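A quick write-up on the structure given underneath.
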Amino acid sequence: MDFSERLINSTDWATYLLVGCFVLYALSKYYYPKRFHEFSLLPITNQYFFVHGKNDELNHPFNMMLFVAQLICVSVFVFLVFEVFNPMEVQKNEWLFLQIFTGYGIFILMKFSLEKIIANIFSLDEIINNYLYQKLSYRNFLGIIFFIGNLFFLFIYPPTTVSLVVFAGFALALNTIALLYSYKKNGNLIFRNFFYFILYLCALEIAPYIILYKTLF
């Protein structure tokens, strides 16, 4: 009888993190049930923005809980990508997930801060705040998609190159649709300042992700 070595990678830490995300989602629904219901309908209706998007603060506890969950879920998914595409890095770097989480968090916060600074310089605070609120809300919703995807890959179907690429493409498509919706809503302003919009698009929406990709891979 031939024996083959079976290597089992422990995912206990990822399970605990996803349980933590579930707790954050449960708390956000418990303390803000009406708001969570409107948030869950984002793919169907934009009523959430009419109710909360104008006078609400970006650092509202509801947004912060979902934002932390988003950071964790996206970081877990990126770690799974490393496990499939670069397993040697996972084996030799026991702090890889922490590095991914920290890097992604700093990247998002720096990008957000830069956009706020530019908005203040050009006196566009109200417009940019609404735009950032929409973007944060859509990406927090996307975080729930990543949460479901992580559960699927960790406990139902082991991740493969094809499945990860398909899921990443699906998430990218949803993110693109959300951005296009935000641009459409501010269409008049964009057309009046089309040159500056192109500069913004290249400098703050495309270039940072290219830099992040090059840094990680």
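None of the figures in this text is laboratory data; all of them are computed from the coordinates on show. Here the structure is a predicted model, which is why all the values come from computation and not from measurement. Because the Cβ atoms are built from the backbone with ideal geometry, glycine has one as well, and the counts that use them run over all protein chains shown.
List of remarks:
- Net charge over other residues, Cβ less than 12 angstrom from the Cβ of Ile100 (K, R count +1; D, E count -1): -2
- Chain lengthening between Phe50 and Val23 when straightened (0.36 nm per residue, less Cα-Cα): 7.0 nm
- Total lysine pairs in the range 12-216 at Cα distances under 24 Å, for residues eight or more apart or on different chains: 20.
- Positive-end extreme of charge dipole, the range 12-216 - chosen from Pro87, Tyr16, Ile145 (charges on Cβ): Ile145
- Dipole magnitude of the range 12-98 about its Cα centre (Cβ charges: Lys, Arg +1; Asp, Glu -1), debye to nearest 20: 340
- Ranking Phe107, Tyr25, Asn188 by Cα position along the charge dipole of the range 12-216, where only Lys, Arg, Asp and Glu carry charges on their C-beta atoms, puts Asn188 farthest toward the positive end.
- For the range 12-216, size of Cβ-based charge dipole, Lys and Arg +1, Asp and Glu -1, in debye: 460
- A simple spin-label model places pseudo-atoms 7 Å from Cα toward Cβ; at Ala168 and Ile198 they are separated by 3.0 nm.
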